[in-house]
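Report on the following structure.
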Number of protein chains: 2
Amino acid sequence: MTPARGDHAARRAEVSAAVWRVLTERGFAGLTLRAVAGELGATTGLLTHYFPSKRALLRYALDLLDEAHAARPRPHTEAAGPGAEGLAALRAALLDILALTPESAAGGRIWVSSWDAALADPELAADHAARYRRARTRMAGFAAAAQDRGELRTDRTPEDLAGAAQSFVLGLVVQALFAPEEFPPDRQRQLLDGFLADLTATS
Amino acid sequence: MTPARGDHAARRAEVSAAVWRVLTERGFAGLTLRAVAGELGATTGLLTHYFPSKRALLRYALDLLDEAHAARPRPHTEAAGPGAEGLAALRAALLDILALTPESAAGGRIWVSSWDAALADPELAADHAARYRRARTRMAGFAAAAQDRGELRTDRTPEDLAGAAQSFVLGLVVQALFAPEEFPPDRQRQLLDGFLADLTATS
């Protein structure tokens, strides 16, 4: 890495790319200043300019993960279209979390990997909790609309439906990461559709 | 730690206790030879006798986790009684996984923490996958019995019911660890019972 004075943004992008490569290859367990320095061809000393502590590096990596997550492809949400509401929108959001493609599996792998690091630090854990809360709030909105449309059962609150759905897909991603041959994309889809069918309004 | 020649088993127990303390306090992310040495009041040099590599330490810790898991209290399974079968046995097994007490939350925390470490190493990941497969097989047995007794719907295979149930509780534990105030024990129980009610045979 050649220091390029005045080009702070470019340097920052290089550092971000190096942190991201370490994350995708080794997970949070392998995220060290030394590993990032290795990716950059820089010294650990230079890196402490950016990350004065392991914690600073962790927080930076979690922010990167959050950005990548926000910008990730959401093929099911896109396929459902901008006008999707209710159950269709909920199902698309849940499908976009599952490990259905190599890319989404890699993304899920990094999220699962981040839990240990986040749980070890109260502030980072609070950040992560807020991220999941936002996701549940969004899903609860879809669930409430689905209830209004008569698509989902009304004997549960939208919040309970969202909490249950988020639990289901997070756990399914964990299972699929450990046993991809037992949980291929088709089976993940089928299990999710079974789960949603059970929440369907039966009148 | 005073070296006690000839007392290999006692030394091993001391090492195990130190590894376990590090795991419960810092998770797998904090599991280093240095941290274990600190707990023992020993040098890292001495510890390399037991753990020639970080990987050896990780594997040892995963084995300890497995032993602790096998020996853990299972209050719901015990309350259900040795003759419990079918849905009652399945429900008890699932309740015993949830983070319903400080002890079970601490246990869940260590499992979640182990996923990153295990996923980073193909052999350790295969070991973990085998553990979850055994758990699913056991639950599939309960589910099959529940189907025979007319307690669970028969339009899914016992394996699918078990895979769905395991996904649900693993994800719920993750949510409860990050947001214990939103997922107190009563709500975890209620969400699980809602999930199981949806799988109930409706004839």
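The values are calculated or read from the model by the stated rules, or taken from the named source; none is laboratory data. Values in this document were obtained by computation on a predicted structure and should not be read as measured data. Cβ coordinates were reconstructed from backbone atoms using ideal geometry, including for glycine residues, and neighbour counts include every protein chain displayed.
Go through (1) out of contact with any Phe, Trp or Tyr (no Cβ under 8 Å at 6 or more places or on another chain); (2) closer than 30 Å to B:Ser167 by Cβ; (3) modelled with pLDDT of 90 or more; (4) surrounded by 20 or more Cβ atoms within 10 Å (Cβ to Cβ) one by one and return the number of the condition B:Val19 breaks.
B:Val19 satisfies all of (1) out of contact with any Phe, Trp or Tyr (no Cβ under 8 Å at 6 or more places or on another chain); (2) closer than 30 Å to B:Ser167 by Cβ; (3) modelled with pLDDT of 90 or more; (4) surrounded by 20 or more Cβ atoms within 10 Å (Cβ to Cβ) except (1).
From the list B:Ser167, B:Ser114, which residue is crowded, with 21+ Cβ neighbours inside 10 Å, closer than 20 Å to B:Leu23 by Cα and outside the structural domain of B:Asp63 (by TED's automatic domain parsing)?
Details: B:Ser167 fails: closer than 20 Å to B:Leu23 by Cα.
Unique residue meeting the criteria: B:Ser114.
Here's the yes/no breakdown for (1) buried (at least 17 other Cβ atoms within 10 Å of the Cβ); (2) assigned by TED's automatic domain parsing to the domain that holds A:Arg109:
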position	(1), (2)
A:Gly27	yes, no
A:Leu31	yes, no
A:Glu39	yes, no
A:Leu46	no, no
A:Ser53	no, no
A:Leu58	yes, no
A:Ala61	yes, no
A:Glu78	no, yes
A:Pro82	no, yes
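Could you list, in sequence order, the residues of the range B:162-203 that are assigned to a loop (DSSP other than H, G, I, E, B), within 22 Å of B:Arg138 (Cα to Cα) and in contact with a helix residue (DSSP H, G or I) (Cβ under 7 Å, 6 or more places away or on another chain)?
Passing the criteria: only B:Leu199.
Are there any pairs, at least 6 apart or on different chains, whose C-beta atoms fall under 6 Å, with the first in the range B:99-114 and more than 20 Å from B:Gly30 (Cα to Cα) and the second assigned to a helix (DSSP H, G or I), and if so, which?
B:Ala99/B:Ala105; B:Ala99/B:Gly108; B:Ala99/B:Val173; B:Ala99/B:Ala176; B:Leu100/B:Pro185
Please go through the range B:170-198 and pick out each residue that is farther than 10 Å from B:Ala99 by Cβ and either crowded, with 23+ Cβ neighbours inside 10 Å or at the interface with another protein chain (Cβ under 7 Å from one of its Cβ atoms) (or both).
B:Leu170, B:Gly171, B:Phe178, B:Ala179, B:Leu191, B:Gly194, B:Phe195, B:Asp198
Output the qualifying pairs, or none if there are none: Cβ atoms under 7 angstrom, residues six or more apart or on different chains, first residue in the range B:28-40 and within 18 Å of A:Val112 (Cβ to Cβ), second residue surrounded by 19 or more Cβ atoms within 10 Å (Cβ to Cβ) and polar (S, T, N, Q).
That search, which allows pairs on different chains as well, returns B:Phe28/B:Ser113; B:Phe28/B:Ser114; B:Ala29/B:Ser113.
Working carefully through the options A:Gly81, A:Gly86, find the one that is away from chain B (no Cβ under 13 Å), on the phi > 0 side of the Ramachandran plot and modelled with pLDDT of 90 or more.
None of the others qualify; the one that does is A:Gly86.
Hey, does the range B:141-159 have a residue that's facing another protein chain (nearest Cβ under 10 Å) and part of a helix (DSSP H, G or I)?
There is at least one residue in the range B:141-159 that is facing another protein chain (nearest Cβ under 10 Å) and part of a helix (DSSP H, G or I).
Report yes if some residue within the range A:133-142 is small (Gly, Ala, Ser), under 16 Å from A:Leu65 (Cβ atoms) and within 19 Å of the chain's Cα centre (by Cα); otherwise report no.
yes
State which residue is nearest to B:Ala197 (Cα to Cα) when the search covers only the range B:120-140 and only residues that are surrounded by 21 or more Cβ atoms within 10 Å (Cβ to Cβ) and at the interface with chain A (Cβ under 10 Å from one of its Cβ atoms).
So the residue we want is B:Arg136.
In the range A:142-158, how many are surrounded by fewer than 21 Cβ atoms within 10 Å (Cβ to Cβ) and more than 21 Å from B:Glu182 (Cβ to Cβ)?
So the count comes out to 7.
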